[in-house]
Structures are given as C-alpha cells and as structure tokens.
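Quick note: the coordinates plus some simple rules give every number you see, no bench work behind them. Computed from a predicted model, the values in this text were never measured in an experiment. Reconstructed Cβ throughout: ideal geometry from the backbone, glycine too, with neighbour counts over all protein chains shown.
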Amino acid sequence: MTKVIKNGTIVTADLTYQADVKIADGKIIEIGADLSGDEIIDAAGCYIMPGGIDPHTHLEMPFMGTHSTDDFASGTRAALAGGTTMVVDFCLPAPGESLLDALKVWDNKSAQASCDYSFHMAITWWGEQVFDEMKIITEEKGINTFKHFLAYKGALMVNDDELYSSFKRCAELGATPLVHAENGDVIAELTAQLLEQGNTGPEGHAYSRPTQVEGEATNRAIMIADMAGAPLYVVHTSCEEAHEAIRRAKMQGKRVWGEPLVQHLVLDESEYFHEDWDHAARRVMSPPFRNKQHQDSLWAGLASGTLSCVATDHCAFTTEQKRFGLGDFSKIPNGTGGLEDRLPVLWTKGVNTGRITMNEFVAVTSTNIAKILNCYPQKGAVLVGSDADLIVWDPNASKTITADAQASAIDYNVFEGIEVLGLPRYVLTRGYMAVDKGVIKAKEGHGEFVARDANASVNTALSKWKDLTAPRPVERSGIPATGV
Ligand code: URP
Ligand code: ZN
Ligand code: ZN
Ligand code: ZN
C-alpha cells in the first residue's frame with residue numbers, strides 16, 4: 001500500500017521546490033514529478049515539510065511534589081495535532097537512583113506514545129555508579145545526550161565539580177551534555193529574600209530569576225564544557241546575556257548550541273504582573289518570560305544562526321496544581337505547555353512577519369535538532385529513505401488558540417486568544433495519517449523509540465582537536481642537575 005502526496009511544494013531547511021512524495025512502509029521511497037500510488041493525498045496550495053521535532057518535553061514528569069499532567073498519551077497527541085512528529089523527553093533519575101532503573105520507568109510511560117520519541121538522560125547526582133551507567137546508557141540504550149540542572153537547589157541541581165566530571169565523561173563517551181543554565185544558589189538566596197519581604201505572588205518568581213542568573217550560568221557551563229572537551233547544548237535560552245555567551249562561544253569555534261522556546265519568543269514578563277493570580281501562576285516557568293529586548297535578541301539569533309532550535313519545554317500543570325503555590329511562589333510547579341502550538345505560533349509570528357524564512361522555520365523546528373541529536377536524516381528530512389514523518393502545511397488555514405479545543409489535558413493555554421495563520425492539513429507519522437484534514441487520528445502506541453548513536457561527527461572532530469591541543473610536557477635534552 002503506497003501513498004503519494006501530490007500538488008504540493010516541498011520546503012526543507014535548504015530547498016523549496018515542487019515535487020510529489022511517495023511513501024511505503026513508513027518511509028519516503030520516491031520524490032519526483034507525476035508519481036502514482038494507491039492513495040493520493042492532495043497538498044494543493046500547501047507546503048510539504050519534515051515533521052516537527054521537539055527536543056525538550058517533560059511528559060508525566062515527577063516535579064515539585066506532583067507530576068506534570070500531560071503524559072505520553074495526551075502529550076504526543078497534542079504534538080501531532082500541531083505538526084510535531086517526534087518528541088525528546090527527559091528521563092529523570094531521582095538523586096541516588098540508578099540511571100537504568102529510571103530508564104525502565106520512562107520506557108513504560110512512553111508505551112502510550114502516538115508519535116516517535118527519544119530520551120535525554122538527566123544527571124541529577126554524581127558517583128561511580130553514574131559514571132559506569134553513562135557508558136551503558138550511551139553504548140547500549142541509544143541515548144547520546146545527558147542533561148544537567150544548575151538550578152533547583154536541593155532537588156535536581158548539580159555543583160560545578162559534578163558538572164565538570166559529567167561533562168568529561170560525556171567527552172570520553174562521544175555524548176553531548178545539555179544544561180539548564182540558571183544559578184541555583186543565587187536563586188535560592190533571592191527567593192528567601194523576596195518571600196521574607198512579602199513578595200509571595202507569581203511575580204516573585206520573575207524577580208527571583210533575573211537574566212543575570214541565566215547569563216552567568218550559561219557562560220559558566222560553556223567554559224566548563226570547553227575545559228572538559230565536550231560540546232554543549234543550552235536548553236531554554238531566554239535572554240540576551242545567555243545568547244551573548246553562546247554567540248561569543250560560537251565565534252570562538254566552541255561547539256555550543258542554544259534553544260529558545262516559542263513561549264519566550266512570544267510572551268513577555270508582563271504576564272506575571274496580571275492581577276488574576278491564576279493567570280500569572282499558569283505562566284510560571286524557568287527561566288521566566290522576559291521583556292521585548294530579550295525577545296528581539298532571540299529572534300535575531302534564529303535569523304543569524306547563533307541560536308539553533310525552537311522547543312517548548314512542554315511541562316503542563318493544571319490550575320489546581322499551580323495553586324500549590326498560593327501564598328508562596330516558590331511552590332508553584334514550574335512549567336508551561338506549548339507542544340500543540342509551537343509550529344503554528346512560530347510560523348505566524350516568525351514566517352508571516354518576515355523575521356525568519358520558511359526554510360529557517362524547518363531548520364529550527366526539525367532539521368537542526370535532528371543533526372545535533374544524530375538522528376538525521378532518519379528524522380528532520382524530506383529525502384528518499386527518511387521516515388515519512390511529514391506535515392502538509394496549509395499557510396491559509398487559521399484558528400484562534402483556545403484551551404477548549406486543545407488536545408493537551410490541562411485546563412488553560414498560555415497562548416489563549418492568539419490567532420494563528422498556518423496550520424497542518426495533514427500530519428503523517430511514519431506514513432500513518434495522524435491528522436487528516438485537521439481531524440486528529442493519533443493512534444496510541446504507534447510511537448517508537450528513536451535510538452541515537454554517540455560519536456556524531458561534531459563530537460569526533462572536537463575530541464580530535466582537544467587531543468591535538470592537550471597539554472604535553474616539553475621534550476628537553478639537557479636537564480639541569482637538581483640540588484647542590
Ligand atoms: O519551568 C520549567 N522549565 N519546568 C520544567 C523543568 C525544566 O526546568 O526544564
Ligand atoms: Zn512518580
Ligand atoms: Zn529547565
Ligand atoms: Zn525542561
């Protein structure tokens with residue numbers, strides 16, 4: 001049984017051209033003119049693009065005394081509804097827990113996924129067991145990325161010595177470290193101070209995490225990665241100070257990538273000063289939303305290539321869960337949704353305004369991360385042999401975003417009321433039609449784990465350079481006698 005997408009324009013990270021796409025057994029088997037097949041999918045007036053890849057989700061995440069409400073069932077359904085065909089979730093061992101045990105938990109949870117997925121492994125503590133298991137995770141479990149939190153003191157945060165040890169281990173294994181870069185020590189001090197002064201509302205969350213805590217931690221992580229000989233992927237880059245550190249590192253030839261979230265590109269800090277407590281608390285996430293200057297910096301980074309990927313950090317809590325923090329902002333579960341809205345919002349605010357091109361849109365929503373994570377061109381491409389994870393994108397379809405109509409399981413949407421122009425008409429996940437003329441037909445359990453090998457070309461090149469430039473003793477012929 002073959003399917004052919006006809007009459008559309010293929011848009012990839014580097015090309016825009018007219019051709020049909022033929023699919024069989026979940027793969028693209030032919031691209032060309034006048035193809036025939038058993039089933040025809042009409043893409044007239046539409047763009048055919050690689051499905052979105054969201055490299056940053058927390059589905060059913062145990063966090064701040066609760067679990068994020070969207071699990072792999074509702075979360076991947078929401079992803080497909082918005083044109084995202086692969087998510088990369090964070091496997092999160094509790095401090096002291098075996099990485100392999102945590103992975104079993106994530107394997108079980110992800111059985112519900114209706115689109116493909118992969119995992120990053122979080123390093124939440126350090127010891128010989130973690131050091132040993134990192135090798136198994138990398139060489140046998142198909143995970144080549146390790147996440148480190150510099151925030152959440154007393155919970156997930158690691159210190160600089162642990163960070164350096166883990167980054168060095170990543171370098172040895174050909175893996176890539178990721179970092180949540182905010183200075184957890186300073187945040188803890190500021191939080192205590194603010195609460196003591198009576199700043200207990202959600203605006204306190206923004207005050208407790210100024211851009212300096214992010215800029216400092218981003219620069220620190222970059223320098224530590226460089227000394228450890230590892231590349232570095234910085235998640236949820238939200239401000240100019242962090243972008244500046246990444247930009248400078250890139251100009252110095254360091255292998256560093258930055259990931260703005262669609263929320264930070266579009267929503268600003270005024271949300272935390274809303275007079276409705278629920279409205280403000282629903283938007284509490286780390287780092288917090290920033291002002292327009294920071295947003296402009298992030299958009300410029302996407303256009304210039306100093307920032308590489310747009311993610312969501314989808315970590316969705318209900319209003320009831322957010323109310324755990326009534327009277328103390330530090331207890332509001334951190335996280336927002338966005339999986340379903342990432343592509344339509346980025347297209348509307350980015351492509352339709354001329355801030356980014358269609359090809360850049362594909363690059364930052366799909367192709368760049370597939371390359372960084374070493375799963376390109378299985379994912380992130382419209383090429384013969386690639387998985388048929390495809391969107392038929394209708395640039396003239398529009399809707400107003402509303403929680404009532406969303407696939408996500410929570411009771412609000414941080415993009416509520418935004419009008420988007422540009423939506424998927426069809427979404428295919430390995431050839432299966434998960435969105436059919438806008439109707440979601442996601443199939444629970446269809447999603448498969450995407451294994452990713454270590455030693456991607458960037459890791460290998462960096463190791464080679466670091467070996468070549470490593471400290472070496474000077475060979476001296478005449479050694480002076482010591483002592484008298
Ligand atoms: O507030 C956020 N971002 N919640 C999810 C966990 C994290 O820090 O990524
Ligand atoms: Zn749990
Ligand atoms: Zn984070
Ligand atoms: Zn996150």
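Bridging of residue 153 to aspartates and glutamates at a Cα separation below 19 Å is possible for 97, 161, 162, 182, 185, 189, 196, 214, 216, 328, once same-chain residues fewer than 8 apart are set aside.
Where both partners of a DSSP beta bridge lie in the chain, what percent of those bridges are antiparallel, to the nearest 5? Of the beta bridges lying entirely in the chain, close to 50 percent run antiparallel.
Beyond 22 Å, the tail of the calculated P(r) for the stretch 1-97 holds 47 percent of the Cα pairs.
Over the Cα atoms of the stretch 329-384, the radius of gyration divided by the Kirkwood radius equals 1.13; this is the Rg/Rh ratio.
Taking all Cα-Cα distances within the stretch 408-455, those exceeding 16 Å account for 63%.
Counting Cα-Cα pairs of the stretch 61-207 in 10 Å increments starting at 0 gives whole-percent bin shares of 10, 35, 32, 20, 4, 0. Points 7 angstrom from Cα along the Cβ direction at residue 30 and residue 291: gap in nanometres? Spacing of the two 7 Å Cα→Cβ label points: 5.9 nm.
May I ask you to work out the translational diffusion coefficient for the stretch 293-375 at 4 °C, viscosity 1.567 mPa s, via Stokes-Einstein with Rh from the Kirkwood sum over Cα pairs, reported in whole µm²/s? Working shown, then result.
Working: Rh = 14.6 Å.
Rounded, D is 89 µm²/s.
What is the Å³ per residue value for the convex hull set by the Cα atoms of the stretch 144-227? Could you put the intermediate results ahead of the total?
Details: hull volume 7.3 nm³, N = 84.
So the per-residue hull volume is 86 Å³.
For the chain, adding -39500 (n - 2.57) for each run of n ≥ 4 DSSP H residues and dividing by the number of residues yields -9000 deg cm²/dmol at 222 nm. The lysines whose alpha-carbon is closer than 29 Å to the alpha-carbon of residue 3, local same-chain residues fewer than 8 away aside, are 22, 27, 371, 379, 399, 437, 441, 443.
Working ranking of peptides 14-26, 250-262, 308-320 by packing, defined as the average number of other Cβ atoms within 10 Å per residue, highest first, is 308-320, 250-262, 14-26. Kirkwood radius and radius of gyration were both taken over the C-alpha atoms of the stretch 246-290, and their ratio Rg/Rh is 1.20. Length gained on full extension, residue 443 to residue 40: 143.0 nm, using 0.36 nm per residue less the C-alpha separation. A convex hull fitted around the alpha carbon atoms of the chain yields 163 Å³ per residue. Volume of the convex hull of the stretch 187-291 (Cα atoms only), normalised per residue: 92 Å³.
Over the stretch 416-484, what portion of Cα pair distances is larger than 16 Å, expressed as a whole percent? Walk me through the numbers before you get to the answer.
Values: 1776 of 2346 pairs.
Taking all Cα-Cα pairs of the stretch 416-484, the fraction more than 16 Å apart is 76 percent.
In terms of its Cα atoms, the stretch 22-74 spans 56, 25, 17 Å along the principal axes, sorted from long to short. The base-10 log of I(q)/I(0) for the stretch 1-41, evaluated at q = 0.21, 0.22, 0.23, 0.32 Å⁻¹, reads -0.60, -0.65, -0.70, -1.11 [Debye formula, identical scatterers on Cα atoms, solvent excluded]. Semi-axes of the equivalent ellipsoid for the stretch 146-189, computed as √(5λ) from the eigenvalues of its C-alpha gyration tensor and ordered from largest down, come to 22, 9, 7 Å. Ignoring lysines fewer than eight residues from residue 464 along the same chain, the ones with Cα atoms less than 19 angstrom from its Cα are 168, 250, 254.
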